Amino acid sequence: MEFLTTSEAADYLRLGERKLYELVTTGAIPCTKVTGKWLFPRHELDLWVLSGLARPAGMRTAEPPPVVGGSQDELLDWSLRESGSGLGSMSEGSARGLERLQRDEVMAAAVHFHSLDAEGNLARDASVEALRAAPDLHDAVLIAFVRREQGLVVPQGNPKRLRGLSDVLALGARMAMRQQGTGAQMLLDGLLKGAGASTRDLRRMEPPALTGPDLAEVVRAGQADCGIATRAAARSAGLDFVPLVWENFDLAMRQRSYFRPAMQALIRFLSERRLRQRAEELTGYDPSPAGQIRFAA
């Protein structure tokens with residue numbers, strides 16, 4: 001993240017330093033104080049300017065509804081309630097959430113994309129690449145929510161002694177699936193491809209589960225031997241967990257939505273101790289990056 005000094009920020013915004021200090025004093029401009037000096041994150045200044053952009057009536061864009069679409073997550077659902085943001089949720093998977101964001105049908109989309117890089121390994125930041133490639137999202141911004149642990153959800157005691165996907169393939173374990181377009185299914189596809197296999201090599205249990213908790217219930221009911229979901233989903237269902245990867249779980253939105261009161265209420269909440277405490281209770285979360293701007297178009 002690039003920081004500007006007071007004089008640099010004033011030049012960047014074409015403002016006098018006195019006016020800039022007035023904005024700082026009233027809390028009207030994004031800034032932080034480090035060792036007695038004010039610093040201004042450049043990306044945040046860009047978003048601040050765009051949030052007040054005036055458009056002629058014929059160009060006015062309808063405001064999206066106060067809904068976070070995309071992927072389901074227990075900590076996110078709790079945060080939407082506890083933050084007092086007034087934001088609702090619509091869990092349909094990362095790809096569907098991004099599509100709705102492009103059509104302004106949601107204010108933000110919770111995403112955790114996965115793909116393989118040129119070397120056949122899981123890409124370092126597939127969510128950023130997905131935003132860069134998305135049409136009609138030239139004003140996108142990606143805010144870190146948490147990092148979270150994904151792996152195999154298995155029955156208590158892990159009766160088949162599964163240690164990874166190689167065991168699932170070798171033993172022909174029944175695997176619960178997620179629908180196409182979800183981050184969990186993208187992760188499974190990527191891990192299988194990296195191992196020289198595909199979902200056709202699995203003993204798949206249909207129909208696919210809509211969310212991670214739904215998949216955990218399939219395993220708990222004995223209808224499958226395993227499936228990919230978060231550690232938190234496994235714990236909530238009273239199941240065991242075999243860790244596979246840590247992933248970025250982010251909130252994608254348009255820059256004009258970043259400073260909307262509902263979204264700001266949620267973003268402010270991300271720095272609160274309550275979030276860290278709840279993340280520890282649920283297990284499988286690293287909230288240290290929460291609230292950071294990871295990408296801005």
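General observations
Per-residue answers, yes or no, for (1) out of contact with any Leu (no Cβ under 9 Å at 6 or more places or on another chain); (2) on the phi < 0 side of the Ramachandran plot; (3) in the same structural domain as ASP77 (by the TED database); (4) not aliphatic (A, V, I, L, M):
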site	(1), (2), (3), (4)
LEU162	no, yes, no, no
LEU171	no, yes, no, no
MET177	no, yes, no, no
GLN180	yes, yes, no, yes
LEU191	no, yes, no, no
THR199	no, yes, no, yes
ASP214	yes, yes, no, yes
ALA221	yes, yes, no, no
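- Criterion: under 20 Å from the mean Cα position of the chain (by Cα) and open to solvent by 20 Å² or more (accessible area, probe 1.4 Å) - qualifying residue of LEU169, LEU187, LEU116: LEU116
- LEU275 more than 21 Å from GLY183 (Cα to Cα) and crowded, with 22+ Cβ neighbours inside 10 Å: yes
- Taking segment 1-87 as the region of interest, the helices (runs of 4 or more DSSP H) fully inside it that hold 1 or more residues being open to solvent by 90 Å² or more (accessible area, probe 1.4 Å), modelled with pLDDT of 85 or more and outside the structural domain of LEU210 (by the TED database) are 6-13, 17-25, 74-82.
- Given (1) touching a Gly at 6+ places or on another chain (Cβ under 7 Å); (2) open to solvent by less than 30 Å² (accessible area, probe 1.4 Å); (3) of a type outside the set (Val, Ile, Thr); (4) in a loop (DSSP other than H, G, I, E, B), number of the condition ASN158 does not satisfy: (1)
- The single condition among (1) closer than 23 Å to GLU119 by Cα; (2) among the acidic types (Asp, Glu); (3) open to solvent by 60 Å² or more (accessible area, probe 1.4 Å) that GLU217 does not meet is (1).
The values are calculated or read from the model by the stated rules, or taken from the named source; none is laboratory data. None of the values given here were measured: they were computed from a predicted structure. Neighbour counts are summed over all protein chains in view; Cβ atoms, including those assigned to glycine, are modelled from backbone coordinates with ideal geometry. For the accessible areas, the whole protein counts, side chains as well, though only heavy atoms, and no ligand, DNA or RNA atoms are used. Shrake-Rupley method; radii C 1.70, N 1.55, O 1.52, S 1.80 Å.
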